[in-house]
Amino acid sequence: MSEPHSATISVLVRNAPGVLVRVAGLIRRRGVNIHSLSVGPTEDPSVSRMTIVVDTAPERTELFAKQLRKLVEVLRATAIDGTPSVDRELALIKVNVTPGTRMEIMEIASVFRANVVDLTDRTMTIEVTGRTEKVDAILTLLTRHGIREMARTGQVTLVRGPQNT
């Protein structure tokens, strides 16, 4: 069996109470860590899209998708590994600032095309959107300034081109 890696599964579900618990429970019972899970409505308000990133061996990704398809509320489940796709994550990062560090932190934000969305005399909140690696990279640079709080959305993914997931 291959080494675990991050695998992405796109799941379309009926927008109903308890669906998230059932989907997460199925994955939990298989002993796999959910690295990221984001859920939101689609173009159809009765359907939600879940983007689930799990730490598992590549050959198990499709198995998870097949098991998810068996749940009554699941309309479609697709393993996205190896498929050309667009994925993004949003993070809000509140950093300690002083008059002496404010410009340096703003330059870091600028390099990453991040936005300063709140500023006080002691903190700055930065909004960054991009691939998970981009968010991780800006966090690495901001850590030395002292991250007070952070919220990340988790990855959202769509397959490129006309194919639906």
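Filtering Leu92, Leu37 for residues that are within 30 Å of Met124 (Cα to Cα), outside any loop (DSSP other than H, G, I, E, B) and assigned by TED's automatic domain parsing to the domain that holds Asp118 leaves a single hit, Leu92. Scanning the stretch 117-133 for residues that are more than 15 Å from Ile147 (Cβ to Cβ) and crowded, with 16+ Cβ neighbours inside 10 Å returns Gly130, Thr132. Please work out which one of (1) touching a Ser or Thr at 6+ places or on another chain (Cβ under 9 Å); (2) among the small types (Gly, Ala, Ser); (3) surrounded by fewer than 16 Cβ atoms within 10 Å (Cβ to Cβ) is the condition Gly100 fails and give its number. Going through (1) touching a Ser or Thr at 6+ places or on another chain (Cβ under 9 Å); (2) among the small types (Gly, Ala, Ser); (3) surrounded by fewer than 16 Cβ atoms within 10 Å (Cβ to Cβ) one by one, Gly100 breaks only (1).
Within the stretch 109-154, restricting attention to residues that are of a type in the set (Lys, Arg) and not in a helix (DSSP H, G or I), the residue that is farthest from Val39 (Cα to Cα) is Arg122.
Against the criterion of being assigned to a helix (DSSP H, G or I) and either in the same structural domain as Thr153 (by TED's automatic domain parsing) or surrounded by fewer than 16 Cβ atoms within 10 Å (Cβ to Cβ) (or both), Arg60 does not qualify. When the stretch 46-57 is filtered for residues that are of a type in the set (Gly, Ala, Ser) and surrounded by fewer than 16 Cβ atoms within 10 Å (Cβ to Cβ), the ones remaining, listed by number, are Ser46, Ala57.
The values are calculated or read from the model by the stated rules, or taken from the named source; none is laboratory data. Note that the structure is predicted; figures quoted are calculated from it, not measured. Positions of Cβ are backbone-derived with ideal geometry, glycine not excepted, and every protein chain shown enters the neighbour counts.
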